[in-house]
Amino acid sequence: GNETGSFNGTLNGNNYTISDLYINRTGETYVGLFGYLSAGANLTNIGLVNVNITGSISVGGLVGLSKGNINMSYVTGNVSGTTNTGGLIGYVVEGEVFNSYTLTRITGSGRTGGLVGYKTDGLLRFTYSSSNVSSSSSIAGGLVGYQTGGAILSSFATGDVSAPSFLGGLVGSNTGTITSCYWNNHSG
């Protein structure tokens, strides 16, 4: 993938919010406030309110593809993409997400999740999503669309989830670890 424009530093948003962020890049990969978060990078205390973000592959409200760490951050609004679409992060390759949440409307066409679309490693801890998730293809979850590695700990989801197949209140499809998590929603 194209890692140009990747963020590899530390940003503390100091609990300020960014409102009405609009990104419309329907043909692009790695779309979000930060398209690509490098390994070792840190984002903390960032609030995105009423986003309207559209991309293609690996689309998230805060980060498109993440190898870094995110703490105390949240997103509200609308996020849409094709594959790997999530309210906070489209695709988590590695790194940790702590104490963060989403209240969004997510629209994708595969590997679609309220917080994270696709997660191959890394850790989500103390995260939650009250997002409504809709995938026109398979694999959608209230918190994570598809987890193939890593772990989700002490997290929950309460949004509605819809997809033709492989849908779940918490995770659409999972081969990773899930501990002390719950969901409360309507799936169909």
TODO: Identify, among THR54, TYR30, GLY110, the residue whose Cα sits farthest towards the positive end of the charge dipole of the chain, taking +1 on the Cβ of Lys and Arg and -1 on the Cβ of Asp and Glu, with the dipole about the Cα centre.
DONE: GLY110
Task: Average projection area in nm² (convex hull over Cα atoms of the chain, one quarter of hull surface) - done: 8.4 nm²
Task: Accessible surface, the chain, averaged per residue in Å² (probe 1.4 Å) - done: 40 Å²
- [ ] Give the accessible area for LEU21 in Å² (nearest 10); use a 1.4 Å probe, count only protein heavy atoms, and leave out ligands, DNA and RNA.
- [x] 30 Å²
Task: Most mobile listed residue (ALA41, ALA163, ALA140) in the chain, GNM with C-alpha springs under 10 Å - done: ALA41
TODO: For segment 126-135, take each phi angle, set θ = phi - 60°, evaluate the Karplus expression 6.51 cos²θ - 1.76 cosθ + 1.60, and give the result in whole Hz per residue in order, putting x for glycine and proline.
DONE: 6, 10, 8, 9, 10, 7, 9, 10, 9, 10
Open item on the list: Below 8 Å between Cα atoms, with a sequence gap of 6+, how large is the relative contact order for the chain in percent?
Closed with: 14 percent
Open item on the list: Quick check: pseudo-label points 7 Å beyond the Cα along Cα→Cβ at THR10 and ASN50, how many nm apart are they?
Closed with: 3.3 nm
Task: Accessible-area value, ASP20, 1.4 Å probe, nucleic acids and ligands omitted, Å² - done: 100 Å²
TODO: Report, in whole Å, the centroid distance computed from the Cα atoms of segment 40-117 and segment 145-188.
DONE: 15 Å
Open item on the list: If the only charges are +1 at each Lys and Arg Cβ and -1 at each Asp and Glu Cβ, what is the size of the charge dipole of the chain around the Cα centre, to the nearest 20 debye?
Closed with: 120 debye
- [ ] Quickly work out the THR177-to-ILE18 label distance, labels modelled 7 Å from Cα along the C-beta direction, and quote it in nm with one decimal.
- [x] 3.3 nm
Open item on the list: Show me, for segment 12-24, the HN-Hα J-couplings you get by feeding each phi into the Karplus relation (A = 6.51, B = -1.76, C = 1.60, θ = phi - 60°), rounded to Hz, glycine and proline as x.
Closed with: 10, x, 6, 6, 6, 10, 10, 9, 6, 5, 10, 10, 10
Task: Solvent-accessible ranking of SER180, SER130, SER100, largest area first, probe 1.4 Å - done: SER180, SER130, SER100
- [ ] Could you pull out every residue, at least 5 positions away or on a different chain, whose amide H is within less than 5 Å of the one on SER135? Hs are placed 1.01 Å off N in the peptide plane, and Pro or chain starts have none.
- [x] GLY108, SER162, ALA163
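The values are calculated or read from the model by the stated rules, or taken from the named source; none is laboratory data. Every value quoted in this text rests on a predicted model; they were computed, and no experiment measured them. Note that we place each Cβ from the backbone using ideal geometry, even for glycine, and neighbour counts take in every protein chain shown. Accessible surface areas use protein heavy atoms only, side chains included; no ligands, DNA or RNA. Shrake-Rupley method; radii C 1.70, N 1.55, O 1.52, S 1.80 Å.
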